[in-house]
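Q: My questions will all concern the structure given below.
The values are calculated or read from the model by the stated rules, or taken from the named source; none is laboratory data. None of these values were measured; they are calculated from a predicted model. Note that each Cβ is placed from the backbone with ideal geometry, even for glycine, and that neighbours are counted across all protein chains shown. Heavy atoms of the whole protein, side chains included, go into the accessibility calculation; ligands, DNA and RNA do not. Shrake-Rupley method; radii C 1.70, N 1.55, O 1.52, S 1.80 Å.
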Amino acid sequence: MKNPKIIVALDYSHARDALAIAALLDPALCRVKVGKELFTASGPAVVEALRKKGFEVFLDLKFHDIPHTVSMACRAAAQLGVWMVNVHASGGRAMMQAAREAMTVEKRPPLLVAVTVLTSLAATDLKEVGMEGDPQAAVLRLALLAQSAGLDGVVCSAQEATVLGQACGPSFCLVTPGIRLAEGGSDDQKRIMTPQAALQAGAHYLVIGRPITQAKDPRAMLQHIDRQMHEST
Ligand code: C5P
């Protein structure tokens, strides 16, 4: 069975736009990510429609609440048939363990990954919310906590992948956004890496949004990135 490494971020507010782009993509070459905007606007119906088109779905809702609430949300996500779901590691061990346990009762539980430190937060922002110290150390600490709570992996920047791969081992799944092609622009992403470099750094899955969704020909761009990735492995 194919295990495509590219996850295309469908960052739209209307299901029709997300489904129009999905119609140009090949589920053999990519999975898709449904985030807060699209899910809040369109709900489970858009997940179902994407699954009907053959796509595996990463439901990127970054749950963060008391353990019971998060565990029930994760179970609901599992019942939607998504492939991957995520929570904030800063919700703590009990929250993550409850999420893990709630999903194991499902026949095909989704991969459960954690967000460590949002990449939009700099050291000064973290200090303001009471997290003193080096953000990289916090990323590592939260990734190890997620692993010991039984999670399958973390979302991290590709720059963090090597360190996290060494600390957590090769089977701990690293999902990396901030991917840009050597020949393209960076949009609002600050710390970017090419698909090949991210894979070499140890990323398992690459979240790629605008470089594909805003390409003149999204289908050709997906094929191009897929070819480049295979050349580098
Ligand atoms: O269009 P682009 O490739 O920048 O999209 C990246 C996707 O990954 C977006 O959905 C964004 O919200 C998400 N993401 C990110 N950085 C993180 C976590 C998630 O860019 N640290």
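Q: When only residues in the range 80-130 that are of a type in the set (Ser, Thr, Tyr) and at pLDDT 95 or above count, which is nearest to the ligand (Cβ to nearest atom)?
A: Of everything passing the filter in the range 80-130, 116 is nearest to the ligand (Cβ to nearest atom).
Q: Same structure again: Does any residue of the range 85-94 turn out to be among the β-branched types (Val, Ile, Thr) and farther than 27 Å from residue 5 by Cα?
A: Within the range 85-94, not a single residue is among the β-branched types (Val, Ile, Thr) and farther than 27 Å from residue 5 by Cα.
Q: Select, from 164, 145, the only residue that is within 15 Å of the ligand (Cβ to nearest atom) and surrounded by 17 or more Cβ atoms within 10 Å (Cβ to Cβ).
A: 164
Q: Regarding residue 158, is this residue touching a strand residue (DSSP E or B) at 6+ places or on another chain (Cβ under 7 Å) and modelled with pLDDT of 95 or more? Spell out how you get there, then give the answer.
A: Values: touching a strand residue (DSSP E or B) at 6+ places or on another chain (Cβ under 7 Å): yes; modelled with pLDDT of 95 or more: no.
So residue 158 does not fit the description; no.
Q: Follow-up. Of all residues in the range 183-200, count the ones that are of a type in the set (D, E, K, R) and touching a Lys or Arg at 6+ places or on another chain (Cβ under 8 Å). Can you show your working first?
A: The initial filter retains those residues of the range 183-200 that are of a type in the set (D, E, K, R), namely 183, 187-188, 190-191.
Subsequent filtering for residues that are touching a Lys or Arg at 6+ places or on another chain (Cβ under 8 Å) retains 187.
Matching residues across the range 183-200 total 1.
Q: So residue 77 passes all but one of these: (1) among the small types (Gly, Ala, Ser); (2) within 16 Å of the ligand (Cβ to nearest atom); (3) open to solvent by less than 10 Å² (accessible area, probe 1.4 Å). Which condition number does it fail?
A: Here residue 77 clears every test but (2).
Q: Out of all the residues in the range 205-228, which are within 23 Å of residue 153 (Cα to Cα) and within 15 Å of the ligand (Cβ to nearest atom)? Let's see the steps before the verdict.
A: Going residue by residue through the range 205-228, those that are within 23 Å of residue 153 (Cα to Cα) are 205-209, 226.
Selection gives 205, 206, 207, 208, 209.
Q: Within the range 168-196, work out how many residues are more than 20 Å from residue 215 (Cβ to Cβ) and either within 15 Å of the ligand (Cβ to nearest atom) or open to solvent by less than 50 Å² (accessible area, probe 1.4 Å) (or both).
A: Count: 8.
Q: Can you name every residue in the range 1-25 that is surrounded by 14 or more Cβ atoms within 10 Å (Cβ to Cβ) and either touching a Lys or Arg at 6+ places or on another chain (Cβ under 8 Å) or under 16 Å from residue 206 (Cα atoms) (or both)?
A: Matches in the range 1-25: 4, 5, 6, 7, 8, 9, 10, 11, 19, 22, 24, 25.
Q: Out of (1) more than 29 Å from residue 26 (Cβ to Cβ); (2) open to solvent by 50 Å² or more (accessible area, probe 1.4 Å), what's the single condition that is false for residue 216?
A: (1)
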